[in-house]
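Student: Before anything else, here's the structure in question.
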Amino acid sequence: MEKTFLMVKPDGVQRNLIGEIVTRFEKKGFSLAGAKLMQISDELAQNHYGEHKERPFFGELVDFITSGPVFAMVWEGENVIATARNMMGKTNPADAASGTIRGDYAVQVGQNIIHGSDSPESAEREIALFFNEEELVSYEKTI
Ligand code: CMP
């Protein structure tokens, strides 16, 4: 089954949005395969956002994602990568539709509440960066 990496950023954690965000993905029908509240190191941030290294906002991006705890998650389900991106809304909250996470809860592109993998390759890379195999659980629903 397809897996994706999702992360509630420091702004989402500090605004008490973890529960709301987890609820949206649970209600959609996806399964949580792993989760942890953690402080990202500078090294992990640079690695995670490596593709943005040349962007003018890279320093800001690393400073923000390391500014407080994040809630890192792996979610599993059919087409979860693309569907989660739709549920998150456009990267810039100004362009994100109402009803999406960023459309409902964010106003700034640098503080846009949630990160989600944008492709199967990114999902595999990001899951491996944040989680060990033994931290992930895959199960059949029996109830
Ligand atoms: P994310 O999906 O975590 O991946 C890269 C992040 O860069 C993106 O969300 C935004 O939060 C951030 N970002 C994109 N454009 C800008 C910008 N112009 N200034 C600051 N941050 C940005």
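Student: For region 103-123, give me each residue that is of a type in the set (D, E, K, R) and near the ligand (Cβ under 8 Å from one of its atoms). Spell out how you get there, then give the answer.
Tutor: Taking region 103-123 first, the residues of a type in the set (D, E, K, R) are 104, 118, 121.
Within region 103-123, just Asp118 meets the criteria.
Student: Just a yes or no: is a residue in region 81-98 away from the ligand (no atom under 16 Å from the Cβ), more than 27 Å from Val137 (Cα to Cα) and not β-branched (Val, Ile, Thr)? Outline the logic, then answer.
Tutor: So in region 81-98, the residues away from the ligand (no atom under 16 Å from the Cβ) come out as 97-98.
Filter again for more than 27 Å from Val137 (Cα to Cα), leaving 97-98.
Adding the requirement that they be not β-branched (Val, Ile, Thr) leaves 97-98.
Checked against the condition, which is being away from the ligand (no atom under 16 Å from the Cβ), more than 27 Å from Val137 (Cα to Cα) and not β-branched (Val, Ile, Thr), region 81-98 yields at least one hit.
Student: Check off (1) farther than 19 Å from Pro10 by Cα; (2) open to solvent by 80 Å² or more (accessible area, probe 1.4 Å); (3) of a type in the set (Asp, Glu) for Glu76 and give me the number that stays unchecked.
Tutor: (2)
Student: Looking at Ala94, is it in a loop (DSSP other than H, G, I, E, B), open to solvent by 60 Å² or more (accessible area, probe 1.4 Å) and of a type in the set (A, V, I, L, M, F, W, C)? Talk me through it step by step, then tell me what you get.
Tutor: On the way: in a loop (DSSP other than H, G, I, E, B): yes; open to solvent by 60 Å² or more (accessible area, probe 1.4 Å): yes; of a type in the set (A, V, I, L, M, F, W, C): yes.
In short, yes.
Student: Just give me the residues in region 1-34 being buried (at least 18 other Cβ atoms within 10 Å of the Cβ) and either modelled with pLDDT under 95 or in a strand (DSSP E or B) (or both), in sequence order.
Tutor: Lys3, Thr4, Phe5, Leu6, Met7, Val8, Ser31, Ala33, Gly34
Student: For region 97-118, give me the residue count where each residue is part of a loop (DSSP other than H, G, I, E, B) and in contact with a helix residue (DSSP H, G or I) (Cβ under 7 Å, 6 or more places away or on another chain). If you could, list the steps in order and put the result at the bottom.
Tutor: Keep residues of region 97-118 that are part of a loop (DSSP other than H, G, I, E, B), which gives 97-100, 106-107, 109-110, 112-113, 117-118.
Retained after the next criterion (residues that are in contact with a helix residue (DSSP H, G or I) (Cβ under 7 Å, 6 or more places away or on another chain)): 97-98, 100, 110, 112-113, 117-118.
Number of matching residues: 8.
Student: Which of the residues that make up region 53-62 are over 24 Å from Thr4 (Cα atoms) and open to solvent by 70 Å² or more (accessible area, probe 1.4 Å)? If you could, list the steps in order and put the result at the bottom.
Tutor: Of the residues in region 53-62, the ones over 24 Å from Thr4 (Cα atoms) are 54-57, 59-60.
Answer for region 53-62, where residues must be over 24 Å from Thr4 (Cα atoms) and open to solvent by 70 Å² or more (accessible area, probe 1.4 Å): Glu54, Arg55, Pro56, Phe57, Glu60.
Student: I would also like to ask the following. Looking at (1) over 16 Å from the mean Cα position of the chain (by Cα); (2) open to solvent by 30 Å² or more (accessible area, probe 1.4 Å), can you tell me which one Pro69 breaks?
Tutor: Looking at each condition in turn, Pro69 falls short on (1).
The values are calculated or read from the model by the stated rules, or taken from the named source; none is laboratory data. It should be emphasised that the depicted structure is a prediction, and the values quoted were computed from it without experimental measurement. Cβ sites come from the backbone with ideal geometry, for glycine too, and all protein chains shown count toward neighbours. Side chains are part of the model used for accessible areas, which takes the heavy atoms of the whole protein and leaves out ligands, DNA and RNA. Shrake-Rupley method; radii C 1.70, N 1.55, O 1.52, S 1.80 Å.
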